[in-house]
Every structure is written in C-alpha cells, then in structure tokens.
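A.B. asks: Got a structure for you, written out below as structure tokens; questions coming shortly.
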Amino acid sequence: MRDAVTRRDVLKSAAALSAGASVLPTLLAHRSVLGANEGVGVGCIGNGGMGRGDLNAASRFGPILAVCDVDADHAGKVSDGGKRAVFDDYRRLLDRKDIDVVTVSTPDHWHTRISIDAMKAGKDVYCQKPLTLTIDEGKILCAVARQTKRVFQVGTQQRSENKEFFLKSVAMCRTGRIGKIRKVTVAIGGAPNGGPFKKAEPPPSLNWERWLGQAPLVDYIPQRCHGTFRWWYEYSGGKLTDWGAHHVDIAQWAIGMEESGPLTVEPISATHASELKDGMPVKDDCYNTATAFNIKCVFPNDVEMYVVSQGNGITFEGEKGTFFVNRAKHEGPPVDALKNDPIPEEILKRLRKGKDSNSHMGNFMACVKDRGATISDVFTHHRALTTCHLCGIAIRLGRKLTWDPKTEQIVGDDAAAAFLARPQRKGYEITA
C-alpha cells in the first residue's frame, strides 16, 4: 500500500529519536513553579463519557480553557455555554500557549498520536489507557517521553484509588507476605458478540473520516463508534487491552516484572466474535475481538500468569497463601492478616514514588507541580500493555509465541512479528 507506514519505518523512527538524530520542536516554556492558587491551564481532548469524567477531575486543579472532539455534540456538552474554546482538530488546541496540560480521552487508536504531539508541544499529559494499539507504538511513545521529559500519567487509576486495594496487593506480593509467587490469574471478562450491523450515514455532528484516523477508511456503522469501538480490532484490542491494561498492569507490578515481560505467551483456548483468517477479521459488519480466552504467560522469574475471560479480578497464589483483589473486594487469609500487621506507610509511599495517597488525577497534578514521577508512568504501562498485545497476537494466530523482553522482539515467527505494527492511513501516520 502506498499510504501505509511499514514496521521498518516505525522502528527507524524510534531508533533515530533514541539516538538523538531527530530534532524535536522547541518545547514551550513550562510554568515550573505554580502558586497555591494559580492552577494549570487545561485542555481536554476527547469529550465522551470517559472524557467528561477526566475533565471534571482535572477541573479541580485549574481552569478548563479548551475542549476538542471530532463529534461536535460531545464537545458542545462540555463547552460551558461557550466559555471554553471548542476545536475539532486537537492540533489547534495544542497550539494554545496558555494550556499547560492535556487530558487525552479519545478512542484507543488515537491515544499514541495525540500524546506524542502533545509532548512535542510542551504539554504534560494525562492519557487514558490503553496507550497504544500496537507494541511498536509503545516503543515510539517511550522514546518521545524520554526525549521531552514531560510529566505523563496513564489513566490506570487502580494504582491510586479503589481504597488502595491494588496498591496494597502489590506491596503484599513484593514484601513476601505470600512467599514466592507461583501463579497469578488475571480475569478480565470477554468481549460481546454483535452483528451483522447495518451501514448508515454518519450523524451531521461527527467527522467520521477524522474519527477513523490511522485505521482503514470504511463506511460508517454506528456500532464501530463511540463506546463500542472496543470490540473491533481496527481500533482496540478488545478486553485484553481494555481491562487487561488495568489488571495485567497490577499483576506485572506485583511480581516485579513491570520493566520486563513474558518469555512465552501460549493460547490454551480462545473464541472470537467473528471469523479470522491469518489473524485478520473476515467480516466487516460484526464485532471481531475475543469473547472467551485462556492464555498462559511465563515470566523470567518463573511466575505463570493466566489471562482469562471468566470473571473480573486478580488471584495471587504464593507458597504462604492466596488472596484475591478487584475493585470491590480484597480478601483471603493474607489480607485478613493486615488487620494486626498492616503494611507500613513508608512502603506504600515508596510505591507511590514518594507521594502521599491521592486521587489518580491528584497524583498527576502534584507531579506537574514538582516535576516528579507519576505513579502510572509510560514505561511500565508499555511493558504491561506489551503482554496484553502479545496475548492478542497469540489468540489471533492460534499459536504459542516466544518473546525477548530485552530486545522487545518476537522470536522465530515473522508472521507474528508483523503484528507488532500495522499499516496507517496517509495523513495519520505515527512517527517520532
């Protein structure tokens, strides 16, 4: 395809940036010291349901100066009666010199491109998970984050919130409360079935071509868009990247593999919403992500992680005990023991990278102020999401993958390695 970006192009871009061969635009001066009442200027990109939640959270720390969405109806709902600037092209929002930070709450396939452009424009970024559509996107994003040194928080709020159930779980595992960990089961649910769906004319408020972005240009189907975009491989990874971005992240952090990855990823079973051929959807009018799966991942420390579709939550099994955690529950004998032997605050604070307990947005804004490290950084999220992406590749192809977490390459399987990137439409390429 003439308008496609090859994987070689992607890797060359990341390598060039890492080596300093690419020259980034001059960063805008950042207000490094914020007065107690000054706040930060905020721009919000993506104004659907999740975007409105992020906007409301950010508004506690500074004025929302501008909003942006390719659906005018979404942007109109958060324009504050016209008091906020409204854009349908996020680049115009990034041109604003009075905007210090941006929230990125678009569909998944836009996260990487917007985040890169925002960092290059000198903005600090709070971006919803999952950050990337492919593993190679993550490599580029990490390279830009290192080069620009912007403050970046990924919206994996389980690291901060939910009564700190997940943070305490990580601390329990990393301090030996359950002994050597043998097995982790990560339950994230399965995607729904759906279709065939009918094609239609896009609503007047929606710029469908721009919504598609890097994805192939196709006719509008309402179920491809907004909340249900998650069930199409063209725009997401289904439950593996939707909930996997949360629970796999916590699991990898807990077992000390947040800067590494699995050695092997093996699909034990998997069912998709519609037929695949060579890993690609055959039909264009049905959901196509995985509705059921059981995937075994083996890490360098010999921990086995099973990513499954049945249920929701994480079960940690160690030599000294087993416990379960999700957003509503934290239970098991090792958890009961915390009543008389709580985790010291200094250990939790170390996991928060020196910060006090806070909301996820609060942690981000505290780091914007002091230029510290966020609790949910780009680099460990990329590693967790790499596991999710590898699970997706394995079930799409129906075979075991061998992964080198040091070189970040699939070993001995060129067809599988081709899924580390994907073609991108002309005009929407992602580069460093």
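The values are calculated or read from the model by the stated rules, or taken from the named source; none is laboratory data. For clarity, every value in this text was computed on a predicted model and none was experimentally measured. Counting neighbours? That spans all protein chains shown, and the Cβs are built from the backbone with ideal geometry, glycine included.
A.B. asks: Return the only residue of Ile410, Ile430, Ile395 being surrounded by 15 or more Cβ atoms within 10 Å (Cβ to Cβ) and within 19 Å of the chain's Cα centre (by Cα).
C.D. replies: Ile430
A.B. asks: Being surrounded by fewer than 24 Cβ atoms within 10 Å (Cβ to Cβ) and not in a helix (DSSP H, G or I) is the filter here, so list the residues in the range 135-151 that pass it.
C.D. replies: Those that are surrounded by fewer than 24 Cβ atoms within 10 Å (Cβ to Cβ) and not in a helix (DSSP H, G or I): Lys149, Arg150.
A.B. asks: Now for a separate question. When residues of the range 139-187 are filtered for being among the hydroxyl-bearing types (Ser, Thr, Tyr) and within 16 Å of the chain's Cα centre (by Cα), how many remain?
C.D. replies: Here the count works out to 2.
A.B. asks: Could you look through the range 349-391, keep only residues that are part of a loop (DSSP other than H, G, I, E, B) and among the charged types (D, E, K, R), and pick out the one that is farthest from the chain's Cα centre (by Cα)?
C.D. replies: Asp356
A.B. asks: Given the options Glu201, Glu266, Glu234, name the one that is among the acidic types (Asp, Glu), at pLDDT 95 or above and more than 30 Å from Tyr428 (Cβ to Cβ).
C.D. replies: Of Glu201, Glu266, Glu234, the one residue that is among the acidic types (Asp, Glu), at pLDDT 95 or above and more than 30 Å from Tyr428 (Cβ to Cβ) is Glu266.
A.B. asks: Please work out which residue is nearest to Gln147 (Cα to Cα), limiting yourself to the range 95-120 and to residues that are surrounded by fewer than 24 Cβ atoms within 10 Å (Cβ to Cβ) and more than 19 Å from the chain's Cα centre (by Cα).
C.D. replies: Among them, the one singled out is Lys120.
A.B. asks: Kindly indicate which of Ile114, Ile178 is outside the structural domain of Pro300 (by TED's automatic domain parsing) and of a type in the set (A, V, I, L, M).
C.D. replies: One residue alone meets the criteria, Ile114.
A.B. asks: Limited to the range 156-183, what total is found for residues that are outside any helix (DSSP H, G or I) and not hydroxyl-bearing (Ser, Thr, Tyr)?
C.D. replies: Selection size over the range 156-183: 9.
A.B. asks: Still on this structure: Within the group Val282, Val248, Val265, which residue is without any contact (Cβ under 8 Å) to a residue 60 or more places away in the chain and either in contact with a Phe, Trp or Tyr (Cβ under 9 Å, 6 or more places away or on another chain) or within 18 Å of Ile393 (Cα to Cα) (or both)?
C.D. replies: Val282
A.B. asks: Being farther than 15 Å from His389 by Cα, β-branched (Val, Ile, Thr) and not in a loop (DSSP other than H, G, I, E, B) is the filter here, so list the residues in the range 212-244 that pass it.
C.D. replies: Thr228
A.B. asks: For Val154, work out the one condition from (1) under 26 Å from Cys391 (Cα atoms); (2) aliphatic (A, V, I, L, M); (3) surrounded by fewer than 24 Cβ atoms within 10 Å (Cβ to Cβ) it doesn't fulfil.
C.D. replies: Result: Val154 fails condition (3) only.
A.B. asks: So which residues in the range 58-71 are touching a strand residue (DSSP E or B) at 6+ places or on another chain (Cβ under 8 Å) and of a type outside the set (Val, Ile, Thr)?
C.D. replies: If the condition is that a residue be touching a strand residue (DSSP E or B) at 6+ places or on another chain (Cβ under 8 Å) and of a type outside the set (Val, Ile, Thr), then Ala58, Ser59, Phe61, Gly62, Pro63, Leu65, Ala66, Cys68, Asp69, Asp71 are the ones that fit.
A.B. asks: Any residue in the range 213-223 that is within 30 Å of Asp356 (Cα to Cα) and small (Gly, Ala, Ser)?
C.D. replies: No, the range 213-223 has no match at all.
A.B. asks: Tell me, which helices (runs of 4 or more DSSP H) wholly within the range 30-129 include 3 or more residues that are at pLDDT below 95 and of a type in the set (A, V, I, L, M, F, W, C)?
C.D. replies: Where helices (runs of 4 or more DSSP H) fall fully within the range 30-129, none carries at least 3 residues being at pLDDT below 95 and of a type in the set (A, V, I, L, M, F, W, C).
A.B. asks: Find all pairs meeting these conditions: Cβ atoms under 6 angstrom apart; at least six residues apart or on different chains; first residue within the range 409-432 and more than 16 Å from Ile140 (Cβ to Cβ); second residue small (Gly, Ala, Ser) and assigned to a helix (DSSP H, G or I).
C.D. replies: Pairs found: Ile410/Ala416; Ile410/Ala417.
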